[in-house]
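> I am attaching a structure below and will ask some questions about it afterwards.
Values quoted throughout were computed directly from the atomic coordinates according to the rules given, and no laboratory measurement underlies them. Here the structure is a predicted model, which means the values were calculated and not measured. Cβ placement follows ideal geometry from the backbone for every residue including glycine, while neighbour counts extend to all protein chains displayed.
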Amino acid sequence: MTLFGVIDPLYSLSGFGVGALVGMTGVGGGALMTPLLVLLFGIHPATAVGTDLLYAAITKTGGTLVHGIGRTVDWRITGRLALGSVPAAIVTLLAANYFGLLGPHNGSVLISTVLGVALILTAIALVFRTRLLEIAARRVPELDPRRAAALTVATGVILGILVSLSSVGAGAIGMTALVFLYPRLPTARLVGSDLAHAVPLTLVAGLAHWLLGSVDWVLLGSLLLGSLPGIALGSYAAARVPERVLRPALAATLLLVGGKLAF
């Protein structure tokens, strides 16, 4: 017995595997964990998303602390993203619940569809990440500060809607948008800002799911027990696994899973 209840070793093993892949690729756990819970374990999509959001908030807090200490977080960008994403997440979940879209049947259809679309967008961002970075660095002019700020808030709104219904999008999709909005900033600073923004977004959205009854605390504890050592091992192995092999394979997997969920 633990604080969370009885730990399920299968969930912990899954958490370890996803954590290892996150450590090796940098892809957000939601893109891997949520479809795994839905398709392999048959967990209701709303419960899978709600639990994964709190899981992400806990695991990404550590990464944010590291980036904060290393001064690779632009808190203005993080604040702008959160200004759009946090209210959007709350409004999206309240509206979906009010109109009965998170019920046993409708919730499965809505969340599975949004999750599938988010996975496809994440896969596209993964495949073309290097090319997009090159385009942004060479050809994209720096935006006027006011326009960049407004577009950052708007990006936050889109991410808030996607993440609250799928737990996917704050990582690869958010990072891709930031590259075009702030092409002159160092990549490490954009990564840190994007990661820091994911913490309040996933925490608020996860707590909203909890209030709506779609968080499984036993599942959360089991996943954390496996994922934390998995992330450490994956980070260690990252330099030994060819990225040119791993990323396309991961992107192809996300495309297949996303297509199955969306269509």
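> Can you figure out the FRET efficiency of Leu143 with Tyr98, using R₀ = 41 Å and their beta-carbon distance, to the nearest 0.05?
Efficiency for this residue pair is about 0.65.
> Which value, in debye to the nearest 20, describes the size of the charge dipole of segment 43-195 about its Cα centre when Lys and Arg Cβ atoms bear +1, Asp and Glu Cβ atoms bear -1, and nothing else is charged?
Around 480 debye, computed over segment 43-195.
> Mean separation of Cα pairs under 8 Å and 6+ residues apart, divided by the residue count of the chain: what relative contact order is that in percent?
Over the chain, the number comes to 44 percent.
> Something else: Rank the residues Lys60, Lys260 as a footprinting-exposure proxy: fewest other Cβ atoms within 10 Å of their Cβ go first.
Lys260, Lys60
> Between Ala154 and Thr113, how many nm apart are label points set 7 Å from Cα along the C-beta direction?
2.5
> Also: Rounding to the nearest 20 debye, state how big the charge dipole of the chain is about its Cα centre with +1 on each Lys and Arg Cβ and -1 on each Asp and Glu Cβ.
820
> What number, rounded to the nearest 500 deg cm²/dmol, is the helix-based mean residue ellipticity at 222 nm of the chain, given -39500 (n - 2.57) per DSSP H run of at least four residues and division by all its residues?
Roughly -27000 deg cm²/dmol at 222 nm, from the helical runs in the chain.
> Take Leu211 and Arg71, extend 7 Å from each Cα along the Cα→Cβ direction, and tell me the distance between the two endpoints in nm.
Going from the Leu211 label point to the Arg71 one covers 3.9 nm.
> Would you list Val38, Val153, Val6, Val91 from fewest to most Cβ contacts within 10 Å?
With the sparsest Cβ surroundings first, the list reads Val6, Val91, Val153, Val38.
> Moving on to the next point. Using the 10 angstrom Cβ neighbour count as an exposure proxy, how do Val215, Val163 rank, fewest first?
The order, fewest Cβ neighbours first, is Val215, Val163.
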